[in-house]
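Q: Please read through the structure below; I'll follow up with questions.
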Amino acid sequence: MEKIDIIKSITERTGGDIYLGVVGAVRTGKSTFIKKMVETLIVTNIEDEYERKRCLDEIPQSAQGKTIMTTEPKFVPSQAAKIQIEDFSANVRLIDCVGYVIPDAKGYEDENGPRMVKTPWYDEEIPFIEAAEIGTEKVIKDHSSIGIVVTTDGSIGEIKRESYVEAEKRVIDELKEIGKPFIVILNSVHPMLPETENLAENLRAEYDVPVIPISVENMTERDMYGILKEALFEFPVVEVKVEMPQWIACLSYNHWLKQIYMDKIRESVIEIEKIRDIDNITSHFVNCEYISKAYLSDVNTSTGEITVTLNAPSELYNEILKDIIKVDVTNKAELLMLFQEYNEAKEEYDQIKSALKMVKTTGYGVASPSLSDMKLDNPEIIKQGSRYGIKLKAVAPSIHMIRVDVESTFEPIIGSELQSKELIDYLMKDQEQDPANIWKSEIFGRSLDVIVKEGIQAKLSMMPENARYKLQHTLCKLVNKGSGNLFAIVL
C-alpha cells in the first residue's frame, strides 16, 4: 500500500482523526517513539508554519538510563495537528502515557514515598503507579483510535528484558479487554538479529497480536508507515461479501449445491475478525470439488469490507442443468428446442396457476379466460319499449377446479391378531426417521404406494362420462344464471 492509501484508510476507519495512544512499561522508548513520529510524520506534512513550530516545542523529552522521564500523560501536540499528504488531509495526535512501573526503574518514588503526578482526568495529584493504570485505560478507551504498545528486548538501556515482562503482559491484556485495534513495537538496538526476531515471533504466538521488531531511535518514514499499515490490519472486518456464479446464486436455497456453497462460506468466516485474518479465508474452499477457484477480489481497508469470489468448474453447469430439467442437453439446438417446449408449457400453466393455488387452499379454484380465448358474436339490435340499443355477446371458457379427496382402503387378511400387530410394527418401524419409507414397504410382493395408487385410480375411473357431462353442464348454468344457491344436482 502507498502511504497516502494507508493514511486515507485509517482516517476513514477512525472518522477523520488519527489518534495514537502510546502505552507500555516505563523506559521502553515511548517518548522517543513519539518524538520520531512527530518529527518525521507529522511536522513534515504540516503546511502552517506556526503549527509546525508548536508541534516541535511540545515533543516530549527522552534520555538513556533507568530514570523515568514521562511523569504525567501528555497529548502531543496538545491540539490535533492537521497534516496534508498530497490531496488528502487528516488530524493527527499522539498521547504519551505514564508507563507501568518495573522493578529496576527509578523516579516513581521520592523521599516522601510514591511520587504524585498530575493527570488530565483529575484535579488533584495521584500516585505515579495509579496514573499509569488509569491513564492506559483512559487514553486507549477515550482518546485513541489506535493503540501502540512499546516494549523492549532489554538492549536499549540498562534494564534487562525480564524486568519488562510482567508490565508488558498487563498492558496487552488490558488493551485486549478494551477492544481497540493495537500493535506491539519491540524496541531493540539490533532488530535484525535472529534472537530478536525469535523473541518477536514468540510474543506474536503468546499474545496473538502483530509484533514489530525495530530500533525506535533509528526509525525511518518507511518504518512508520509500515507500523501504521500493521495497525490498519488490526481493524475489524465489518462485512464479507461473497460473489459466486450467478447460476448457482439463483438456485433454490434447499438445492444441494447451494447448500454446499453456503456451508463452505459459513466455515470460512467463523475465524475472520480482523483485516489481517483475511488471507486464511480462501483456504476453506481448497478441497471442495465444486469450487475450482477462490480468491480475494476486493479488500476495502477503509470500510472493513472484503469480497471473496468463488468460481465453479465449467462442466458443473451442464450437470446441474441435467439434474434440474431431467433431460441431457448436448448442444445448443437441443437447448433451444427444450426452451420452446417449456415456454409453451409455461404459457398454459400461467393460465391455471392462480386456480391451482386456490383449489389447494380452499378446495375450489377458477382460472379466468384470457383475451385470446374470448369469442365475440355478431352485434344485434335490441328494443326496449320505444328505445333501441345493441347487444354484444362474448363467450369464453373458464376452467373450474374442484378438489375431491379420494379414499383408498386396503384391508389384507393376515391371520391372527398377533400377526396383524407385527405387520403394523413392520410398517411403522421407520416412521419417525423417514415417514416416506412406509410407502416402500412390501405386502404380498407389492409396495404399499403401488397398491394405494391403484385403488385411487380405480375410483377415479368409476365416474361415468354422462355424470361428468351433467356436472359440467350444471356448473355452466350455475355460473351464467348467477344463482347464489345450488339446491340439487340430479345425475
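Q: For the chain, give me the percentage of DSSP beta bridges that are antiparallel, rounded to the nearest 5 percent.
A: So the antiparallel bridges amount to about 55 percent of the total.
Q: Please arrange C476, C97, C250, C55 by counting, for each residue, the other beta carbons lying within 10 Å of its beta carbon, fewest first.
A: Ordered by Cβ neighbours within 10 Å, fewest first: C250, C476, C55, C97.
Q: Let me ask another. Considering only lysines 8 or more places apart in sequence, or on different chains, count the pairs in the range 343-399 whose C-alpha atoms sit under 17 Å apart.
A: Count of close lysine pairs: 5.
Q: Multiply the residue separation of E221 and D405 by 0.36 nm, subtract the distance between their alpha-carbon atoms, and state the gained length in nm to one decimal.
A: Length gained, E221 through D405: 58.0 nm.
Q: Here's a follow-up. By how many degrees, between 0 and 90 and to the nearest 10, does the Cα long axis of helix 316-325 differ from the longest principal axis of the chain?
A: The angle comes out near 30 degrees.
Q: Find, among the trypsin sites (Lys or Arg not before Pro) in the range 336-398, those assigned to loop by DSSP (not H, G, I, E, B) with at most 16 other beta-carbon atoms within 10 angstrom.
A: K393
Q: Within a 10 angstrom radius of the beta carbon, how do V479, V308, V286 rank from fewest other beta carbons to most?
A: Sorted ascending by nearby Cβ count, the order is V286, V479, V308.
Q: Mean residue ellipticity at 222 nm from the helices of the chain, using -39,500 (n - 2.57) per DSSP H segment of n ≥ 4 over the full residue count, to the nearest 500 deg cm²/dmol?
A: Computed ellipticity for the chain at 222 nm equals -11500 deg cm²/dmol.
Q: Given (1) 422; (2) 189; (3) 170 as candidate values of volume of the Cα convex hull per residue in Å³, which corresponds to the one derived from the coordinates?
A: Of the labelled values, this structure produces (1).
Q: Between the DSSP loop rule and a limit of at most 10 other Cβ atoms within 10 Å, which GluC sites (Glu not before Pro) in the range 212-251 are left?
A: Within the range 212-251, no GluC sites (Glu not before Pro) qualify (loop, at most 10 other Cβ atoms within 10 Å).
Q: Now for a separate question. Say each of S370 and W121 gets a label point 7 Å from the Cα, pointing the same way as Cα to Cβ; how far apart are those two points in nm?
A: Simple spin-label model gives 7.5 nm for this pair.
Q: Helix 194-207: angle to the longest alpha-carbon principal axis of the chain, degrees 0 to 90, nearest 10?
A: In the chain, helix 194-207 runs at an angle near 50 degrees to the longest axis.
Q: Checking the cross-link filter: which lysines have an alpha carbon closer than 19 Å to that of K241, excluding same-chain neighbours under 8 positions apart?
A: Those lysines meeting the cut-off are K258, K264, K274, K293.
Q: In degrees from 0 to 90, rounded to the nearest 10, what is the angle of the helix 221-232 Cα long axis to the longest principal axis of the chain?
A: 40 degrees
Q: If you find the alpha carbon centre of the range 287-317 and of the range 318-332, how far apart are they in angstrom?
A: One Cα centre to the other: 25 Å.
Q: Here's something else I'd like to know. Test of the criteria: in the range 312-346, which GluC sites (Glu not before Pro) are in a DSSP loop and have at most 11 other Cβ atoms within 10 angstrom of their Cβ?
A: Answer in residue order: E315.
Q: Report the calculated FRET efficiency for A436 and T362 (r = Cβ-Cβ distance, R0 = 22 Å), to the nearest 0.05.
A: For R0 = 22 Å, the calculated efficiency reads 0.20.
Q: If you rank S386, S78 by fewest surrounding Cβ atoms within 10 Å, what's the result?
A: Lowest to highest Cβ neighbour count: S386, S78.
Throughout, read-outs are computed from the coordinates displayed, never taken from laboratory work. Every value quoted in this text rests on a predicted model; they were computed, and no experiment measured them. Note that each Cβ is placed from the backbone with ideal geometry, even for glycine, and that neighbours are counted across all protein chains shown.
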